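Here the structure comes first, spelled out in structure tokens, and everything after it is commentary.
The values are calculated or read from the model by the stated rules, or taken from the named source; none is laboratory data. In this text, all values refer to a predicted model and were calculated from it rather than measured experimentally. For neighbour counting, all protein chains shown are included, and Cβ atoms are generated from backbone atoms with ideal geometry for every residue, glycine included. Heavy atoms of the whole protein, side chains included, go into the accessibility calculation; ligands, DNA and RNA do not. Shrake-Rupley method; radii C 1.70, N 1.55, O 1.52, S 1.80 Å.
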Amino acid sequence: GNSARVAAPRLLALTRDTRSRDAQGATVALSRIDLAAAKTAMESAQAALRSSDLQARRRAAEILGSLGLFARASVPLLIAAARDDDVLVRDRATSALGRIGTPAAQIVPALTAALGDPAYHVRYAAVVAFENLPPAAAAEALPALQGLANDAESSVRQRAQFVVKRIAEPRSLNVELDVARYTLRRDRESQLYSLHKLALLGPSAAPLAPELTHLLTHSDDLVRYSAIETLGAIGPAAQSAAAALRGSLEDRDPVIRDAARRALDSIGEGKR
């Protein structure tokens, strides 16, 4: 975590080494150690995704996907990359969109389009991405997913059938919230996992706003950041957290301060 910040410069150098196979892992490590350095790595990947260098675009899409919720600002670029001429760029961009998951209003149409990709593994990546989204968000793509019942590739057919069933028979929201309420009290990795899941639920996660507010003073930077992003994803239903979010405008980390400003805008408290 943050106590390993001394390693950030060397990790950042690894993310920029085009010959290294460790760039993706180094970027993930940075997001758990130094948010400002992770943002620098993310911005480099965003630039690479616009590059004419094919290998750079493939690598960049993979790196952005590995950052999950932290890479939410990269969604428009990844949506464009999901239409790339190169099949591996499309595959990795599609997977990345599923791993980020929000905002669903932008991501779901792009994933739905990918369900019709001529390459079976891009279609498969899109199906898996829908598996990661809440059923309510994925419901819009149900006709397209059902249309894969006759797909030429058996793995696509089978996975699509599973996702269709999951959308049609979703787990109770109360159960989802109870699980998250429990895991938010556990270790750091459990907290990060639950915060991402709650962000995908959006306004439906509003009952847990008090628990998220408590995390705004967590000792770990990434936990505080993820809690803020989740409150922003909940939107106006998280207004009870406004005062605590205004406190985050004074956070020691500039990335967290920026996230707090965005979250306050999302819940309708930005001008105040």
| field | When residues of segment 246-256 are limited to those that are open to solvent by 70 Å² or more (accessible area, probe 1.4 Å) and touching a helix residue (DSSP H, G or I) at 6+ places or on another chain (Cβ under 8 Å), the one farthest from Pro210 (Cα to Cα) | value | Glu250
| request: Please tell me if Leu111 is assigned to a helix (DSSP H, G or I), touching a Leu at 6+ places or on another chain (Cβ under 9 Å) and surrounded by fewer than 23 Cβ atoms within 10 Å (Cβ to Cβ). | output: no
| surrounded by fewer than 19 Cβ atoms within 10 Å (Cβ to Cβ) and not in a helix (DSSP H, G or I) - does that describe any residue in segment 221-235? | no
| Qualifying positions in segment 72-97 - among the small types (Gly, Ala, Ser) and modelled with pLDDT of 95 or more | Ser74, Ala80, Ala81, Ala82, Ala93, Ser95, Ala96
| message | Test of understanding: among Ala160, Ala180, Ala243, Ala260, which residue is open to solvent by 60 Å² or more (accessible area, probe 1.4 Å), aliphatic (A, V, I, L, M) and more than 16 Å from the chain's Cα centre (by Cα)? | response | Ala243
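Table: residues versus (1) farther than 26 Å from Thr112 by Cα; (2) in contact (Cβ under 8 Å) with a residue 40 or more places away in the chain; (3) not in a helix (DSSP H, G or I).
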residue: Thr18; (1), (2), (3): yes, yes, yes
residue: Ala29; (1), (2), (3): yes, no, no
residue: Lys39; (1), (2), (3): yes, yes, no
residue: Ala45; (1), (2), (3): no, no, no
residue: Ser51; (1), (2), (3): no, no, yes
residue: Ala56; (1), (2), (3): no, no, no
residue: Ala73; (1), (2), (3): no, no, no
residue: Pro76; (1), (2), (3): no, no, no
